[in-house]
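What follows is one structure encoded as structure tokens, with my remarks underneath.
The values are calculated or read from the model by the stated rules, or taken from the named source; none is laboratory data. As the structure is a prediction and not an experimental result, all values here were calculated from the model. Every residue, glycine among them, receives a Cβ derived from its backbone with ideal geometry; neighbour counts consider all protein chains shown. Quick note on the areas: whole protein, heavy atoms, side chains included, nothing else; ligands and nucleic acids left out. Shrake-Rupley method; radii C 1.70, N 1.55, O 1.52, S 1.80 Å.
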Amino acid sequence: MQPTVNLSQKALDALPDHYSTPSYNRDDVKTGVVHFGPGNFFRAHQAVYFDNLLNQGDLRWGISAVSLRSKNLRDALAEQDNYYTLVERAKEGENVRVVGSIKEVLVAHEGPDLVLNRLRNPDTKLVTLCVTQNGYYYNNQTKTLDFDHPDIVSCMEEESDPVSAVGFIVTALKERMDAGMPPFTVMSCDNIPGNGNVLRQVVEAYAMSVSQELYEWISDNVEFPVTMVDRITPRTTAEHIDTLSQQHGIDDAWPVFTETFAQWVIEDTFCNEKPDLESVGAELTENVAPYELTKIRILNGSHMALGPIGHLSGHDYAHQAMNQPEINTFINGFIDTVITTLPKDAGIDFDDYKSSIIDRLVNPYMKDELTRLARNGSQKVPSRLMQPAREAVAVDGNADYLAFAVAAWIEYAKGYDSKGAEFDINDVEGINMGLQELARQSGANPRPLFALRKIFGHELSSHKGFTNKVEQYLRDIVDNGMTTALSHFNEEQLDPSTENEISSGIDLKQTFSPT
Ligand code: CS2
């Protein structure tokens, strides 16, 4: 075994030359970005783009990473001067690099002042968010901020002690307005269709409740670019930490393992200094919507199907599931169906896109856990399965793959694996709304679950053609197990005499509302 070094500023010089380390002096780096939600994805994606900018010599873009509640990252990185290792894995080999763009990790819950100080600092030009759908407190029913949510109520009662990213942002923007300072750009990096527009809506709604003046100042001066972010990033496991130590001689409390692929498409609209992200591989464009929709429906949609199907077939990782022929056939057909719902005139080559997604899903070096893909399904199923299903049904198309994926997820929500052992579905919100209980009680009958309008919406949950298909597939999964049900499904799809089109009755001019 080779000797190991504990990662830190001092240890950087001791690392062998083939590991890339920051070429800049971190003392000279300003903090230009405040990021809410510093999970693994952020550390594999945005933090790396900013690290690349710093390596190019533009030292305005160090990051203050803000965790709203959890201390885990702050504590793990404290001993290593906030440096961490990123391992990019592909069949060609591994690339190991140390990322230095995170200058500090703040825990908002312990020190809201520190976060507000950062946000009011003129060096802060950009605020980014990766806080998951729930973190926006967007109420689909009222189409605005969920003013009744306890976190929002608490933010509004205690302005100097916000508990949500939106609370921090509005409080800081108000201070900037009062001080005659320019605002920062506010950029969502979550997988939500129209992420920047959703963010603008909740921030403006919050601001309106503070004052008309603040609302107008934000709506006139602040930009909320829409973005598409992409990089498959598994959860870090003890095995990753050991591998890094044993094979590369680096002791890192919380490294990140990811793929070589990364994509960031950003709407070109900023209201403060703009980082030159194009020079480090991001794409800036006028209209991100088609890219975002394509990614959410094809990649995240396939993930949403693969997680439950793969796990209930007895697999642990995405690539293992993709190696099972029935599943591979299914995911290919699923993507073909989803493509029929995507805009044809955006200049995206869907065949190329599909094959790159399949290559990424089968990458054996990723070890991407199926339970990661399936977690928080109650937040993800609306945009990844129900919305495309609705559009497929509206044009009298084939929504069978989507119906099967919905049935598989309902079965998954029961929380019993292929051997009957109980597992954690990792979906607190779903459980709170009664998802698991209903799924368990209802057995092979999905209909009681359709009452969960927040997930299933109105139209499809009462659409006979679609609900019949979900019921047929769920029954098959319950009676015969996932693999047999999938074989039946794939055979049915190949059989030219089967009626696959579900007749519509859905008006696409009405915007989709899951509630
Ligand atoms: C996954 C994403 O858990 C999920 O929802 O689909 O984390 C996915 O890996 C990333 O969006 C890839 O960019």
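What the table below lists for this structure:
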item	result
Candidate set: region 393-404, residues that are within 11 Å of K469 (Cβ to Cβ) and assigned to a helix (DSSP H, G or I); chosen: the one farthest from the ligand (Cβ to nearest atom)	V393
Answer from A238, A253, A207 - the residue that is farther than 27 Å from L15 by Cβ and assigned by TED's automatic domain parsing to the domain that holds L54	A207
Conditions (1) of a type outside the set (D, E, K, R); (2) more than 16 Å from the ligand (Cβ to nearest atom); (3) open to solvent by 40 Å² or more (accessible area, probe 1.4 Å); (4) closer than 30 Å to N6 by Cβ; number of the one not met by N328	(4)
Count of region 367-389 residues which are part of a helix (DSSP H, G or I) and touching an Asp or Glu at 6+ places or on another chain (Cβ under 6 Å)	2
Filtered residues of region 279-291 (kept if open to solvent by 10 Å² or more (accessible area, probe 1.4 Å) and either within 18 Å of the chain's Cα centre (by Cα) or farther than 29 Å from R372 by Cα (or both))	S279, L284, T285, E286, N287, A289, P290, Y291
Selection count where residues are open to solvent by 30 Å² or more (accessible area, probe 1.4 Å) and more than 16 Å from the ligand (Cβ to nearest atom), scope region 224-247	6
Residues that are closer than 16 Å to G333 by Cα, of a type outside the set (S, T, Y) and modelled with pLDDT of 95 or more, drawn from region 470-515	A485, L486, H488, F489, N490, E491
Every residue from region 339-366 that is assigned to a helix (DSSP H, G or I) and either open to solvent by 60 Å² or more (accessible area, probe 1.4 Å) or farther than 20 Å from E391 by Cα (or both)	K344, D345, D351, D352, Y353, S355, S356, I357, I358, D359, R360, L361
Matching residues in region 405-443 - criterion: being open to solvent by less than 10 Å² (accessible area, probe 1.4 Å), under 17 Å from G481 (Cβ atoms) and assigned to a loop (DSSP other than H, G, I, E, B)	G415
Sole residue being without any contact (Cβ under 8 Å) to a residue 12 or more places away in the chain and within 23 Å of the chain's Cα centre (by Cα), chosen from D146, D190, D220	D146
Close pairs (6 angstrom Cβ cut-off, 6 or more residues apart or separate chains): without any contact (Cβ under 8 Å) to a residue 60 or more places away in the chain in region 98-126, among the acidic types (D, E) and open to solvent by 10 Å² or more (accessible area, probe 1.4 Å) anywhere	P112/D161
Subset of region 201-223 [assigned to a loop (DSSP other than H, G, I, E, B) and surrounded by fewer than 14 Cβ atoms within 10 Å (Cβ to Cβ)]	S211
So K91, is it modelled with pLDDT under 95 and charged (D, E, K, R)	yes
Test set (1) in contact (Cβ under 8 Å) with a residue 24 or more places away in the chain; (2) away from the ligand (no atom under 13 Å from the Cβ) - T371 fails condition number	(2)
Pair list, Cβ under 7 Å, 6 or more apart: region 251-271 residue within 12 Å of the ligand (Cβ to nearest atom), other residue in a loop (DSSP other than H, G, I, E, B) and basic (K, R)	T258/R231; E259/R231; F261/R231; A262/R231
Residue that is least open to solvent (accessible area, probe 1.4 Å) [pool: residues in region 115-131 that are assigned to a helix (DSSP H, G or I) and more than 17 Å from D178 (Cβ to Cβ)]	V115
Tabulated pairs, region 289-300, first in the same structural domain as S355 (by TED's automatic domain parsing), second within 8 Å of the ligand (Cβ to nearest atom) and not basic (K, R), C-beta under 6 angstrom, 6+ apart or interchain	K295/D230; I296/N191; N300/N191
Filter result for the condition that a residue is at pLDDT 95 or above, away from the ligand (no atom under 12 Å from the Cβ), surrounded by fewer than 20 Cβ atoms within 10 Å (Cβ to Cβ) and not assigned by TED's automatic domain parsing to the domain that holds N52, over D316, D276	D316
Cross-chain or 6+ apart pairs with Cβ under 7 Å, region 333-353 first and touching a residue at least 12 places away in the same chain (Cβ under 8 Å) and within 23 Å of N500 (Cβ to Cβ), then in a loop (DSSP other than H, G, I, E, B) and open to solvent by less than 80 Å² (accessible area, probe 1.4 Å)	T340/G397; F350/L342
